[in-house]
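Right, one structure below, let's go through it.
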Amino acid sequence: MEFQTTGNNFKIENLIALTPNERLETFYKFFEMFPIYNEGQYGYGLALIQFLQWEISSGRITHELEGGSPWFRAVNGFMVFDLQKTLNLSNSNFELSDSNNAFEEDKSALDQPPFLIWQAYTRSDLNSGQQMLWKAHQASIHFALKRCNPLIQKETKPEQEFINTVVELLEINTRAKTPTYSNLLGTQVKKYYPINYPISIKELNNLMQLKEKLDLKFNQLN
């Protein structure tokens, strides 16, 4: 995929329209090029790829344009944009000192461009890579949240609560610097996250058990 990261492609409807294969291709390409962690094919990106695979298998991101979750499709689309933007700039020998020039082309859409933080991640090492991964990931997420909030209203009430819980769990894992290079987070997703879209009440209660465990674990560490 040669996903363009300028002009109208930044519109939410175009990010929603990205196919599962386009999304996966960008994730695979980015973390194959910038794994940072030196074990495994995708390094620090493993958990992010596993989460995207869950979004697809659970029906939140679909091949059909009108299917799935508008919110999950849009939020993930923003991250695809950021990763592809970083790839494009790395191929053009873009430097952080050139950030003002790069920002100009997207200034109508980007106020604090997360791709600059992703670029910093690409230059990290084993001492800083995990922290930079979470910092860049959350920059993309928070940037997307501000722009995707109206889409939550299109979700069912249990799905809305699920979305809010997912965002809270991301914050907990960020503060805990949970490893993203192992299967830990992927295993949690398989065990606690819903297998279908939208989420059922029973599945939501199952996820709340995970949140309670992580809340307790995090509080014990602080």
*Please report, ordered by residue number, the helices (runs of 4 or more DSSP H) entirely within segment 3-93 with at least 2 residues that are in contact with a Ser or Thr (Cβ under 9 Å, 6 or more places away or on another chain) and either among the polar types (S, T, N, Q) or under 23 Å from TYR192 (Cβ atoms) (or both).*
46-57, 70-91
*What residue, of TYR197, TYR181, is more than 16 Å from the chain's Cα centre (by Cα) and aromatic (Phe, Trp, Tyr)?*
TYR197
*asked:* Name the single residue that is nearest to LEU145 (Cα to Cα) among those in segment 155-183 being at pLDDT below 95 and among the basic types (Lys, Arg).
replied: ARG175
*asked:* Conditions first: (1) surrounded by fewer than 16 Cβ atoms within 10 Å (Cβ to Cβ); (2) within 22 Å of LYS177 (Cα to Cα); (3) modelled with pLDDT of 95 or more. LYS29 passes all but one, so which condition is the exception?
replied: (2)
*Mind checking which residues of segment 53-92 are of a type outside the set (Gly, Ala, Ser) and within 16 Å of ILE163 (Cβ to Cβ)?*
TRP54, GLU55, ARG60, ILE61, PRO70, TRP71, PHE72, ARG73, VAL75, ASN76, PHE78, MET79
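The values are calculated or read from the model by the stated rules, or taken from the named source; none is laboratory data. Bear in mind that the values here come from a model prediction, so they are computed numbers and not experimental data. Every residue, glycine as well, gets a Cβ built from its backbone with ideal geometry; the counts of neighbours run over all protein chains shown.
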